[in-house]
Amino acid sequence: MNAVPATTPTAAPDLAVPALYSCTIAHVRTTPRRYTLRHRTYMWLMDPDHPPRLPRPLRPLARFDPRDHFTGGDRPSIRAGLDAFLAGHGVDLDGGRVLMLTHARVFGYVFNPLTLYWCYGPDGQPRCVVAEVHNTYGGRHCYLLHPDASGTARAEKKLYVSPFFPVDGDYRMRVPRPGPQLALTVRLDREGARAFTATVRGTRREVSTANLLRLALRHPWSTLAVSAAIRFHGIRLYLRGLPVQPRRPEHRTPEKAT
């Protein structure tokens, strides 16, 4: 029995949303020393115009709050925040559909290292992708991407994310639209070399009461666990002697529209 009704946006006629993805996330740091971490979690793919409506007993397991996205989180909906961001960059979807990949609030807590929005025009043709990055200091920044045919785009790094990297270099993001499988890659290049690579690999699951409960039991407090793991591994790296890069004043504020 489905927990929520599925809808099929015209931008992605072969993919019903909402959907769940059971994911493995890997981080590989290559400089100044190699370090790898992996953890498992789950994410939601949804249409922000039609957020999932769960039965009341399941609602603590998934809430989607506009305050968790975009500058200040002061828009009445996630879609309104996205449209305002796009308008600031001269992009109008003309009412086209959006697919959003994100973590939900679980028991009132959420941490979204990366939220992606695949944006389409009314004809169903892709117009852009927005990559919204959050750090553990409460900062956020959105990158407007125009991927090539392989789903790859580049963007200059603008947000202080890791205490062991300064705010420099360029991201190479491979963000093909999710299908039965999820395969995302974010690579940071510094001084002509690969410094860090994050990958998200996942398998699509139907949104049902059984699937949601299974994932929630397997990964309890999923986003809190992600946040805690980032801090834990940060402490390990610090104790191994990696130098901390201080945050400059301009990197202590939330997302800037650049």
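Any idea which residue in segment 171-196 is surrounded by the most Cβ atoms within 10 Å (Cβ to Cβ), counting only those that are without any contact (Cβ under 8 Å) to a residue 24 or more places away in the chain and part of a loop (DSSP other than H, G, I, E, B)? First the steps, then the outcome.
Of all residues in segment 171-196, those without any contact (Cβ under 8 Å) to a residue 24 or more places away in the chain come to 172, 181, 183, 185, 187, 189, 191-192.
Imposing the further condition that a residue be part of a loop (DSSP other than H, G, I, E, B) reduces the set to 191-192.
Numbers: E191: 8, G192: 6.
Going through the qualifying residues, I end up with E191.
Could you list all residues from segment 55-69 that are in contact with a Leu (Cβ under 7 Å, 6 or more places away or on another chain) and in a loop (DSSP other than H, G, I, E, B)?
Going through segment 55-69, the residues in contact with a Leu (Cβ under 7 Å, 6 or more places away or on another chain) turn out to be 58, 61-62.
Scanning segment 55-69 gives a single hit, A62.
For segment 176-196, filtering for residues that are among the polar types (S, T, N, Q) and within 15 Å of V133 (Cβ to Cβ) leaves 1.
Of the conditions (1) surrounded by fewer than 19 Cβ atoms within 10 Å (Cβ to Cβ); (2) part of a strand (DSSP E or B); (3) hydrophobic (A, V, I, L, M, F, W, C), V133 fails just one. Which one is it? It is condition (1) that V133 fails. The single residue among R75, R29, R34 that is in contact (Cβ under 8 Å) with a residue 24 or more places away in the chain, over 18 Å from the mean Cα position of the chain (by Cα) and over 28 Å from R205 (Cα atoms) turns out to be R29. Going by what's in this entry, would L144 be described as of a type in the set (A, V, I, L, M, F, W, C), assigned to a strand (DSSP E or B), touching a residue at least 60 places away in the same chain (Cβ under 8 Å) and under 22 Å from M43 (Cα atoms)? Criteria not met by L144.
Restricting attention to segment 64-98, and to residues there that are of a type in the set (K, R) and crowded, with 17+ Cβ neighbours inside 10 Å, which single residue is nearest to E132 (Cα to Cα)? Break it down stepwise before answering.
Of all residues in segment 64-98, those of a type in the set (K, R) come to 67, 75, 79, 97.
With crowded, with 17+ Cβ neighbours inside 10 Å added as a condition, the list becomes 75, 79, 97.
Values: R75: 16, R79: 13, R97: 18 Å.
Here the residue is R79.
Have a look at T223, T199 and point out the one that is closer than 29 Å to R154 by Cβ, modelled with pLDDT of 95 or more and of a type in the set (S, T, N, Q).
Numbers: T223 fails: modelled with pLDDT of 95 or more.
Unique residue meeting the criteria: T199.
State whether one or more residues within segment 107-126 are more than 16 Å from the chain's Cα centre (by Cα) and not in a loop (DSSP other than H, G, I, E, B). Walk me through how you get there before you give the answer.
Initially, segment 107-126 is screened for residues more than 16 Å from the chain's Cα centre (by Cα), giving 107-108, 120-126.
Among the residues that remain, those that are also not in a loop (DSSP other than H, G, I, E, B) are: 120, 126.
Yes, that holds for at least one residue.
Considering segment 152-170, the residues that are modelled with pLDDT of 95 or more and under 21 Å from R201 (Cβ atoms) include one that is surrounded by the fewest Cβ atoms within 10 Å (Cβ to Cβ), namely T152.
The values are calculated or read from the model by the stated rules, or taken from the named source; none is laboratory data. Because the structure is predicted, anything quoted here is derived from the model rather than measured. Virtual Cβ from ideal backbone geometry, glycine too; neighbours counted across all protein chains shown.
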